[in-house]
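Engineer: Take a look at this one; I'll ask things after.
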Amino acid sequence: MERAPVDREAFGALYRAHAPAILNYLRRRLGDGAAAEDLTAETFLKAFVGIRRFQARGLPFRAWLYRIATNLANSAQRRRRLRFLLFGDRPIEAKAAECKPNHDEGARHRARAALATLSANDQAVLVLRFVEGLSIEEAAQVLGCPPGTIQSRTARARERLRRRLERSVQS
């Protein structure tokens with residue numbers, strides 16, 4: 001980490017260590033592998049450009065990367081929704097919800113589709129906590145808010161996700 005601002009090989013080692021986790025996180029957030037790959041590259045480009053300004057201050061490098069990736073994912077989702085409003089194309093989430101998976105994969109597809117209908121903040125907190133396995137404190141660092149806020153956001157997001165899943169099973 002100390003050499004990364006001046007040594008491309010050191011930054012490359014950081015990339016190799018953290019890129020798979022960031023890519024998986026973005027795939028789960030976006031539901032689109034190609035978009036996730038693009039945003040992973042953008043995440044590390046932003047990290048490379050800003051590494052000289054990075055100061056740990058109790059924030060691990062991994063949490064800083066998740067913060068960058070979360071901001072990029074939120075922006076991408078806002079652009080996708082705006083494109084839908086302006087041009088009427090169905091968003092990717094709707095396409096995923098309409099596919100007819102086999103019975104074994106049905107629950108997973110319903111869960112992904114329900115997650116995609118949540119706000120970007122709800123998606124971020126649920127994916128960071130339960131998919132990426134971050135602690136409350138780590139998620140608080142990534143999202144830049146107090147741990148108590150993460151706890152309450154998690155509880156509300158889980159409840160919203162549960163209601164949407166119930167509705168999808170009923171329909």
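The values are calculated or read from the model by the stated rules, or taken from the named source; none is laboratory data. As the structure is a computational prediction, the values presented were derived from the model and not from experiment. As a convention, Cβ positions derive from the backbone with ideal geometry for all residues, glycine included, and neighbour counts pool all protein chains shown. We work out accessible area using only protein heavy atoms, side chains counted, and drop any ligands, DNA or RNA first. Shrake-Rupley method; radii C 1.70, N 1.55, O 1.52, S 1.80 Å.
Engineer: Every residue in the stretch 122-164 that is touching a residue at least 40 places away in the same chain (Cβ under 8 Å) and either within 15 Å of residue 66 (Cβ to Cβ) or in a loop (DSSP other than H, G, I, E, B) (or both), please. Steps first, please.
Structural biologist: Initially, the stretch 122-164 is screened for residues touching a residue at least 40 places away in the same chain (Cβ under 8 Å), giving 123-124, 127-128, 131-132, 134, 138, 141-144, 160-161, 164.
Once the filter is applied, which keeps residues that are touching a residue at least 40 places away in the same chain (Cβ under 8 Å) and either within 15 Å of residue 66 (Cβ to Cβ) or in a loop (DSSP other than H, G, I, E, B) (or both), the stretch 122-164 yields 123, 124, 127, 128, 131, 132, 134, 138, 141, 142, 143, 144.
Conditions (1) more than 23 Å from residue 40 (Cα to Cα); (2) modelled with pLDDT under 85; (3) open to solvent by less than 30 Å² (accessible area, probe 1.4 Å), marked per residue:
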| position | (1), (2), (3) |
| --- | --- |
| 87 | yes, yes, no |
| 90 | yes, yes, no |
| 96 | no, yes, no |
| 112 | no, yes, no |
| 122 | no, no, yes |
| 134 | no, no, yes |
| 146 | yes, no, no |
| 149 | yes, no, no |
| 158 | yes, no, no |
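Engineer: While we're here: Could you tell me whether residue 167 is assigned to a helix (DSSP H, G or I), basic (Lys, Arg) and at pLDDT below 75?
Structural biologist: Here the answer is no, as residue 167 does not meet what is asked.
Engineer: For the stretch 1-23, which residues satisfy the criterion of being part of a helix (DSSP H, G or I) and in contact (Cβ under 8 Å) with a residue 24 or more places away in the chain?
Structural biologist: Matches in the stretch 1-23: 11, 14, 15, 18, 19, 21, 22.
Engineer: Counting only residues that are more than 22 Å from residue 132 (Cα to Cα) and crowded, with 17+ Cβ neighbours inside 10 Å, which one in the stretch 1-59 is modelled with the highest pLDDT?
Structural biologist: This residue is 11.
Engineer: Give the number of residues within the stretch 143-158 that are under 15 Å from residue 131 (Cα atoms) and charged (D, E, K, R).
Structural biologist: Residues in the stretch 143-158 being under 15 Å from residue 131 (Cα atoms) and charged (D, E, K, R): 1 in total.
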